[in-house]
1. Would you grab the residues whose amide H sits under 5 Å from the one on B:S152? Only those 5+ places off in sequence or on another chain, please, with H modelled 1.01 Å from N.
2. Mind giving me the FRET efficiency for B:Y254 and A:E155? R0 is 45 Å, r the Cβ-Cβ distance, nearest 0.05 is fine.
3. Under unit Cβ charges (Lys, Arg +1; Asp, Glu -1), what dipole magnitude, rounded to 20 debye, does the protein assembly as shown have relative to its Cα centre?
4. How much space per residue, in cubic angstrom, does the convex hull of the C-alpha atoms of chain B take up?
5. Along the Cα-to-Cβ line of B:E228, 7 Å from the Cα, sits a label point; which residues in the range B:8-32 have backbone N less than 16 Å from it?
6. Of the cross-linked pairs B:K29/B:K138; A:K178/B:K144; B:K107/B:K204; A:K137/B:K275, which ones have a Cα-Cα span greater than 29 Å in the structure shown?
7. Would you work out the charge dipole size for the range B:97-224 about its Cα centre, treating the Cβ of every Lys and Arg as +1 and the Cβ of every Asp and Glu as -1, and quote it to the nearest 20 debye?
8. Averaging the inverse of every distinct alpha carbon separation and then flipping it gives the Kirkwood radius. What is it for the range B:180-223, in angstrom units?
Amino acid sequence: MAIRVTSPLTREEARKLHSGDSCLISGVIYTARDAAHKRLCELAAQGKELPLDVKDAIIYYVGPTPAREGQAIGSAGPTTSYRMDAYSPTLIALGETGMIGKGKRGPEVIAAMKEHGAVYFGAIGGCGALLSKCVKKAEVIAYEDLGAEAIRRLEVEDFPVVVIIDSEGNNLYETGRKTYLENFT
Amino acid sequence: MREISASQITDVVARLCVEANCHLPRDMKACIECSHDAEPWAPAREILERITENYRIADERCQPICQDTGVACVFLEIGQEVHVNGSIEDAVNEGVRRGYTEGYLRKSVVRDPLDRVNTGDNTPAMLYYDLVPGDALKITVAPKGFGSENMSQLKMLKPSDGLQGVKDFVLKVVEDAGPNPCPPIVVGVGVGGTFDKAAYLAKKALMRPVDQRSAEPFYADLEQELLEKINALGIGPQGFGGKTTALAVNIEHYPTHIAGLPVAVNINCHVTRHKTEVL
């Protein structure tokens, strides 16, 4: 049975989620990829205000395709997360509580998640058409010049994810594979 | 000499960009559905069901299967009896520009790898030319996503590393990639040639349908053996565990130097897309 998660997500709520939990996220989340993360961290380093409220925010690593008439967004599945590893600890320290992507994370990100209380969610990579149906509204709020990489504010409803790494550092990529191998080999 | 106009090439490339991005090839669909039935791990089966649901939605809505609509890899097999009226390169790029703009596809190309300014129209294409006998022009458009491209590797093995060295390297690349390239993956392997030729062969291997084994029994057996070994790793769909880590291993090979054994492994995701048309 999937757990309903509301975004913004407090640290307290983030800490209640466990690796392997299936969740449905509803509420407001933000998109950012490589280029936007770089700009956000440059602003943070200069002590300047960021174009989004990072506190309790869930950031989705996605660069959608353009929306057709009548669509909120085009195809919108996750991109590979390790490219954001250089930037995530900064954003987590500023209050980010959730990240949605796919693929492995580095030890520095997991350490920051444990220290501050954040979770790493996985959405199914390569399922952009399916996932786009859960996005009800999308609006560019910063870095329009980056095109697909601009920061968007998304309103999502029952957006399906799995907790890959929780705030204690438990990792589904390790446990899922181990459990499968123990049961079927 | 047979005349083919540049505008004809542009029209075909534009259409193939859209069709390749919105409709998964039939062999891929059949292979995913077959893997689902053979997958013993329930969570893995569920992911394969979502993947199937996704490409059905993409088919119905003519919407990109994946938001990474890729860099456009365009393979041209040009008959020696063909004369193209105008610049082939310009014609292909105009097709990519039109296809990606009119087809609501994502523009994912930057003009310089270090200054990283987006070209805004997904050009230029990655062009591969082959001169072949005859008077036909075969165009294949293969949008290549970079989640899987980034997980690809090349190694210059020693001749003494032999067959075992090739097998070990292919398995190492898949293991290193883990969940990152959106498994279940398709593994393209290029063996032989030079540094660059091996990489080209690996990419070309990904153009072969996943249900078609190498015509040479030795390589067909090697493809099957590597597929079984990869699927014993337990990585599974999306890396959450399971049998279905790869859908196919396709190997292409070429003569090489007495001192070398180049091996390239080009990884593709479960959205392995390509569409061909012959003019």
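1. Answer set, sorted by chain and number: B:I267.
2. 0.30
3. On the way: 51 positive and 62 negative charges, 91 e Å.
Using Cβ point charges on Lys, Arg, Asp and Glu, the protein assembly as shown gives about 440 debye.
4. Output value, Cα hull per residue: 133 Å³.
5. none
6. Those over the limit are A:K178/B:K144; A:K137/B:K275.
7. Working: 17 positive and 16 negative charges, 65 e Å.
Dipole about the Cα centre, nearest 20: 320 debye.
8. Details: mean 1/r = 0.0874 Å⁻¹.
Roughly 11.4 Å, rounded to one decimal.
The values are calculated or read from the model by the stated rules, or taken from the named source; none is laboratory data. As the structure is a computational prediction, the values presented were derived from the model and not from experiment. Counting neighbours? That spans all protein chains shown, and the Cβs are built from the backbone with ideal geometry, glycine included. Side chains included, ligands, DNA and RNA excluded: accessible areas come from the protein's heavy atoms. Shrake-Rupley method; radii C 1.70, N 1.55, O 1.52, S 1.80 Å.
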